[in-house]
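In what follows, a structure is listed as structure tokens, so that the remarks can point back to it.
The values are calculated or read from the model by the stated rules, or taken from the named source; none is laboratory data. From a predicted model like this one, the values you see are computed outputs, not experimental measurements. Every residue, glycine among them, receives a Cβ derived from its backbone with ideal geometry; neighbour counts consider all protein chains shown.
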Amino acid sequence: MKPVQLLNFAAVLVFGLLVGHQCSKPEPRKPAATPTAAASVAVPKTTQTSQSIDALRRGADLGTEPEALPLARVENTDIKRDRAYPMQPPTIPHAIDGYQVDQNANRCMLCHGQANSAQFQAPPVSVTHYMDRDSQVLAEVSPRRYFCVQCHVVQTDAKPLVANRFTGVDDLLATPTTAKE
Ligand code: HEC
Ligand code: HEC
């Protein structure tokens with residue numbers, strides 16, 4: 001393509017995008033006609049008003065500031081939760097207050113590194129934590145697995161803000177085929 005043709009092409013593209021954008025203005029969001037699973041969990045029906053559009057607002061009108069929920073309590077019980085699917089990063093069954101993870105130190109690896117895990121009776125990080133993106137196993141925790149709380153979260157007693165209909169593979173397998181949609 002010659003430079004002039006390229007310019008023309010670019011101009012037409014930009015124009016097309018602009019026009020397209022104008023035309024596809026989203027419709028104003030309507031409140032769901034039938035209360036969805038999400039709404040029925042988080043928002044008691046009595047407090048739901050016509051202005052309520054978001055289960056996360058817990059039924060508060062758009063003009064009002066909903067009161068913040070109390071901070072969730074971290075469960076420091078050492079009781080592991082189920083993993084919903086095989087590659088889910090397990091949730092953390094203990095408090096992690098003050099555990100330093102930065103350039104100088106990784107407190108988590110003190111217990112979860114392969115070397116010390118027996119001493120602290122902590123499950124060692126799996127081999128995936130030592131792999132780089134080409135699946136080469138490194139001697140130390142891989143940079144992409146260094147910041148543990150990127151993927152692992154502490155367990156709290158917080159109630160889910162919205163419902164979800166996720167069904168784990170074990171439940172799916174247990175469901176008789178006829179019952180599936
Ligand atoms: C003082 C040692 C220690 C430190 C530091 C520590 N842990 Fe743990 N961790 C444990 C032990 C022990 C367990 C086993 C369950 C239990 O006893 O709480 C565990 C369990 C876990 C599990 C659950 C593993 C599974 O298979 O379900 C995760 C995830 C985890 N820790 C992540 C972290 C992260 C992230 C950090 C840093 C923010 C951290 N831990 C810091 C000792 C430690
Ligand atoms: C990029 C996301 C990610 C990061 C960052 C990460 N993990 Fe994980 N972790 C996972 C996933 C996914 C699993 C489960 C599958 C697996 O073992 O790879 C897991 C599993 C674990 C387990 C259980 C191992 C087992 O064999 O059951 C422990 C303990 C753990 N991680 C600790 C840590 C610690 C400590 C760090 C920080 C040094 C860390 N993780 C950083 C994603 C992550």
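Points to keep in mind about this one:
- When the stretch 130-151 is filtered for residues that are of a type in the set (A, V, I, L, M, F, W, C) and either touching a residue at least 24 places away in the same chain (Cβ under 8 Å) or within 11 Å of ligand 2 (Cβ to nearest atom) (or both), the ones remaining, listed by number, are M131, V141, F147, C148, V149, C151.
- Complete set of residues in the stretch 141-157 that are under 16 Å from N104 (Cα atoms), among the hydrophobic types (A, V, I, L, M, F, W, C) and within 11 Å of ligand 1 (Cβ to nearest atom): F147, C148
- Residue in the stretch 143-166 that is among the hydrophobic types (A, V, I, L, M, F, W, C), surrounded by 11 or more Cβ atoms within 10 Å (Cβ to Cβ) and in contact with a Cys (Cβ under 7 Å, 6 or more places away or on another chain) present: yes
- Criterion (touching a residue at least 24 places away in the same chain (Cβ under 8 Å) and within 11 Å of ligand 2 (Cβ to nearest atom)) met by exactly one of V169, V101, V127, V154: V101
- Counted residues, the stretch 90-133 - those being among the hydrophobic types (A, V, I, L, M, F, W, C), within 23 Å of V74 (Cβ to Cβ) and assigned to a strand (DSSP E or B): 2
- Against the conditions (1) among the basic types (K, R); (2) modelled with pLDDT under 95; (3) touching a Phe, Trp or Tyr at 6+ places or on another chain (Cβ under 9 Å), R107 satisfies every one except (2).
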